[in-house]
Amino acid sequence: MNADPLLKPATSPVPEPQDTEPESEAPRHGPGPSSVYFKSERDKLLLTLPKPVEPNVAWLPLWEELQQQIRAGERFWQVNSEVELIVSDRLLDQGQLQMIAAALDQVQLKLKRVNTSRRQTAMAAAAAGYAVEQESPALPLQSAANAAPLENPLYLETTIRSGTEIRHHGNVVIVGDINPGGSVIATGDILVWGRLRGVAHAGAQGNPDCRIMALQIEATQLRIANQVARTPKPPAQFYPEVAYISSEGIKLASATEFGKNIFVPPQEAL
Amino acid sequence: MGRIIVITSGKGGVGKTTCTANLGMALARLGKKVALMDADFGLRNLDLLLGLENRVVYTALDVVSGQCRLDQALVKDKRQNQLVLLPAAQSRDKDAITPDQMKQLALELSQRFDYVLVDCPAGIEMGFRNAIAAAQEALVVTTPEIAAVRDADRVVGLLEANRIKTINLVVNRLRPAMVQANDMMSVQDVQEILSIPLIGVIPDDEQVIVSTNKGEPLVLADNLSLPGLAISNVARRLEGQKVDFIDLDAAYDKSLLARVRRFFR
Ligand SMILES: Nc1ncnc2c1ncn2[C@@H]1O[C@H](COP(=O)(O)OP(=O)(O)OP(=O)(O)O)[C@@H](O)[C@H]1O
Ligand SMILES: [Mg+2]
């Protein structure tokens, strides 16, 4: 087979305006406090686990996501960095804390401190010998996060496989493919150094200036801010492309064309 | 320490059990000591494919519950004394065994056997967790179909997340004529998505069904069929031998014209 069999032939040829699905609604929460997230802060790494949706059911998926994030950054961890684990009100037992510590240990990161608002988790952490910081329970004021400045870019060196969803409050760089059934949702831009065949949603909190860039765009669905498009049937020859919002909706342009004609550097725009 | 390899797929019915049974047999024929573990609790049929059903006395569950010793539960193959089967319980529910217990059993077997092959149930629930608990390697089996490949991709992600680093691909039920007619994904199409090393391509062949029904693994036939040869080749590749892939296009192209054309190529 020459064309990718996983893609339904889509609507219009390349830089034509895309189909905007009528039922597409504006994203409600944006990426939210989503994925497991590493962030460096001065002399240590902060490892934030997402807030539990239902009490304690989602340990296995969480655990796998953590493993994936560790692997996806494997080349970049600084040996013997100290890690502070931030778990809000999630219930973690000693065994789970030890699993996390062991996983970190495999890439020579050291779990040192656990930051939680949950008493049982704090006790488990103390019993396991970690320093404990017990923050007061978070205010249920989620909307404040919407206005929060973007986090550092998330740089992942991995294939985003079917069933994996990466969410990040910031820009995302994927070194690898996004496979059909995989998705990346970002408040900022999404750059894929690889093939984009799953779903990418840039500007997920409503920023229409965000872009999706990939070496090859053959996406199941592209979303920017509150617009949705399917990609056209892929051209025989692939080249890097940029998806952006124009007055006619989401458009695709080859990277070279985009660089020449469309991209206006910020200083000239002023 | 033997190698513990899980045979898994995500989607059901793509040929995991067929591969496990035949691969076990093929490895045994190469002189390896092989233990097959059926991790498909509640729906076991590895014993059936091996033609060992009537010799099952105890199951893995009896071992973990202390009803019998591990070696009492192992069913030895009458044709290949290098091969044993640890059957799964048929009747009781799937959650009767935990990943830790499965791991324990597999590790114990790996002390005594060169290969421990674990036949994984379909899906990614508890049965899957049990089956991968002890595995250091995985064979991901898929057919060249969108849904099967999608599920295989999901499974590869989960295996990677569980730190199983050696993951190889088996494409089963390939129909070269359909691929040529653009009616089926090619092996290359599958590989492009899964991006893991290819260790075997098994053609769709009625011999497989015949052997399943007889409880006689393909690789035992005196005159090896193509799918039998394809699976023996997987065994040899696992053993580190370099074996060329069979030219299935040619093998299944029965038209004289094509044969003549091939001759002059
Ligand atoms: N290469 C093949 N050619 C023809 N038939 C095949 C081939 N491989 C498997 N089959 C048939 O497909 C059916 C399912 O095979 P099998 O039981 O090995 O799949 P499975 O992945 O173990 O299924 P389950 O998910 O239910 O455990 C069987 O009837 C088998 O004979
Ligand atoms: Mg089976």
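Are any residues in region A:149-203 away from every other protein chain (no Cβ under 14 Å), in contact (Cβ under 8 Å) with a residue 60 or more places away in the chain and not basic (Lys, Arg), and if so, which ones?
Of everything in region A:149-203, those that are away from every other protein chain (no Cβ under 14 Å), in contact (Cβ under 8 Å) with a residue 60 or more places away in the chain and not basic (Lys, Arg) turn out to be A:GLU151, A:ASN152, A:LEU154, A:TYR155, A:HIS168, A:HIS169, A:ILE185, A:ALA186, A:THR187, A:HIS201.
Please verify whether B:ASN45 is free of Cβ contacts under 8 Å to residues at least 40 places away in the same chain and within 14 Å of ligand 1 (Cβ to nearest atom), treating the condition exactly as stated.
yes
Test B:ASP38 against the stated conditions and say whether it is touching a residue at least 40 places away in the same chain (Cβ under 8 Å), open to solvent by less than 10 Å² (accessible area, probe 1.4 Å) and touching an Asp or Glu at 6+ places or on another chain (Cβ under 9 Å).
yes
For (1) closer than 27 Å to B:ILE167 by Cβ; (2) touching a Leu at 6+ places or on another chain (Cβ under 6 Å); (3) among the acidic types (Asp, Glu), each residue gets a yes or a no:
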| site | (1), (2), (3) |
| --- | --- |
| B:ILE7 | yes, yes, no |
| B:GLY12 | yes, no, no |
| B:THR17 | yes, yes, no |
| B:LEU36 | yes, yes, no |
| B:ASN45 | yes, no, no |
| B:TYR58 | no, no, no |
| B:ASP62 | no, no, yes |
| B:ARG69 | no, no, no |
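Please go through region B:133-156 and give me each residue that is surrounded by fewer than 24 Cβ atoms within 10 Å (Cβ to Cβ) and within 8 Å of chain A (Cβ to nearest Cβ), ordered by number.
B:ILE146, B:ARG150, B:ARG154
For region B:172-180, state whether one or more residues are more than 13 Å from chain A (Cβ to nearest Cβ), within 16 Å of ligand 2 (Cβ to nearest atom), outside any strand (DSSP E or B) and touching a residue at least 12 places away in the same chain (Cβ under 8 Å).
No, there is no match, as no residue in region B:172-180 is more than 13 Å from chain A (Cβ to nearest Cβ), within 16 Å of ligand 2 (Cβ to nearest atom), outside any strand (DSSP E or B) and touching a residue at least 12 places away in the same chain (Cβ under 8 Å).
For region B:20-31, give me each residue that is surrounded by fewer than 24 Cβ atoms within 10 Å (Cβ to Cβ) and of a type in the set (A, V, I, L, M, F, W, C).
B:LEU30
Kindly establish whether B:GLY13 is open to solvent by 10 Å² or more (accessible area, probe 1.4 Å), away from chain A (no Cβ under 14 Å), more than 8 Å from ligand 1 (Cβ to nearest atom) and outside any strand (DSSP E or B).
no
Would you tally the residues in region B:156-190 being farther than 13 Å from B:THR142 by Cα and touching a Ser or Thr at 6+ places or on another chain (Cβ under 7 Å)?
Of the residues in region B:156-190, 2 are farther than 13 Å from B:THR142 by Cα and touching a Ser or Thr at 6+ places or on another chain (Cβ under 7 Å).
Residues to consider are B:GLN90, B:GLN104, B:GLN67; find the one that is modelled with pLDDT of 95 or more and open to solvent by 60 Å² or more (accessible area, probe 1.4 Å).
After ruling out the rest, the residue left standing is B:GLN104.
Out of everything in region B:206-217 that is surrounded by 15 or more Cβ atoms within 10 Å (Cβ to Cβ) and within 9 Å of ligand 1 (Cβ to nearest atom), what residue ends up being modelled with the lowest pLDDT?
Across region B:206-217, the extreme among qualifying residues is B:THR212.
Which one of the conditions (1) buried (at least 23 other Cβ atoms within 10 Å of the Cβ); (2) touching a helix residue (DSSP H, G or I) at 6+ places or on another chain (Cβ under 6 Å); (3) within 14 Å of chain A (Cβ to nearest Cβ); (4) within 30 Å of B:ARG29 (Cα to Cα) does B:CYS120 fail to meet, given that it meets all the rest?
Going through (1) buried (at least 23 other Cβ atoms within 10 Å of the Cβ); (2) touching a helix residue (DSSP H, G or I) at 6+ places or on another chain (Cβ under 6 Å); (3) within 14 Å of chain A (Cβ to nearest Cβ); (4) within 30 Å of B:ARG29 (Cα to Cα) one by one, B:CYS120 breaks only (3).
Here is a yes/no grid of residues against (1) assigned by TED's automatic domain parsing to the domain that holds A:VAL172; (2) modelled with pLDDT of 90 or more; (3) crowded, with 16+ Cβ neighbours inside 10 Å:
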| site | (1), (2), (3) |
| --- | --- |
| A:ARG223 | yes, yes, yes |
| A:THR231 | yes, no, yes |
| A:ALA236 | yes, no, no |
| A:LYS251 | yes, yes, yes |
| A:THR256 | yes, no, no |
| A:ILE262 | yes, no, no |
| A:GLN267 | yes, no, no |
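Residue-wise test of (1) closer than 22 Å to B:LEU85 by Cα; (2) of a type in the set (Lys, Arg); (3) at pLDDT 90 or above.
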site: B:LEU224; (1), (2), (3): no, no, yes
site: B:VAL234; (1), (2), (3): yes, no, yes
site: B:GLY240; (1), (2), (3): no, no, yes
site: B:ALA251; (1), (2), (3): no, no, no
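Among A:LEU85, A:LEU91, which is assigned to a loop (DSSP other than H, G, I, E, B) and surrounded by 15 or more Cβ atoms within 10 Å (Cβ to Cβ)?
Sole residue among the options that is assigned to a loop (DSSP other than H, G, I, E, B) and surrounded by 15 or more Cβ atoms within 10 Å (Cβ to Cβ): A:LEU91.
Checking the structure you have, find out if any residue of region B:93-101 is within 16 Å of ligand 1 (Cβ to nearest atom), away from chain A (no Cβ under 14 Å) and of a type in the set (Gly, Ala, Ser).
Within region B:93-101 (the criterion being within 16 Å of ligand 1 (Cβ to nearest atom), away from chain A (no Cβ under 14 Å) and of a type in the set (Gly, Ala, Ser)), the answer is no, since none of the residues qualifies.
Working only within region A:64-76, note down all residues that are closer than 17 Å to A:SER88 by Cβ and either touching a His at 6+ places or on another chain (Cβ under 6 Å) or within 8 Å of chain B (Cβ to nearest Cβ) (or both).
Matches in region A:64-76: A:GLU65 only.
In the set B:ASP151, B:ASP189, which member is touching a Lys or Arg at 6+ places or on another chain (Cβ under 6 Å), on the phi < 0 side of the Ramachandran plot and assigned to a helix (DSSP H, G or I)?
None of the others qualify; the one that does is B:ASP151.
The values are calculated or read from the model by the stated rules, or taken from the named source; none is laboratory data. Since the structure is predicted, the reported quantities are computational estimates derived from the model, not experimental observations. For neighbour counting, all protein chains shown are included, and Cβ atoms are generated from backbone atoms with ideal geometry for every residue, glycine included. Accessible surface areas use protein heavy atoms only, side chains included; no ligands, DNA or RNA. Shrake-Rupley method; radii C 1.70, N 1.55, O 1.52, S 1.80 Å.
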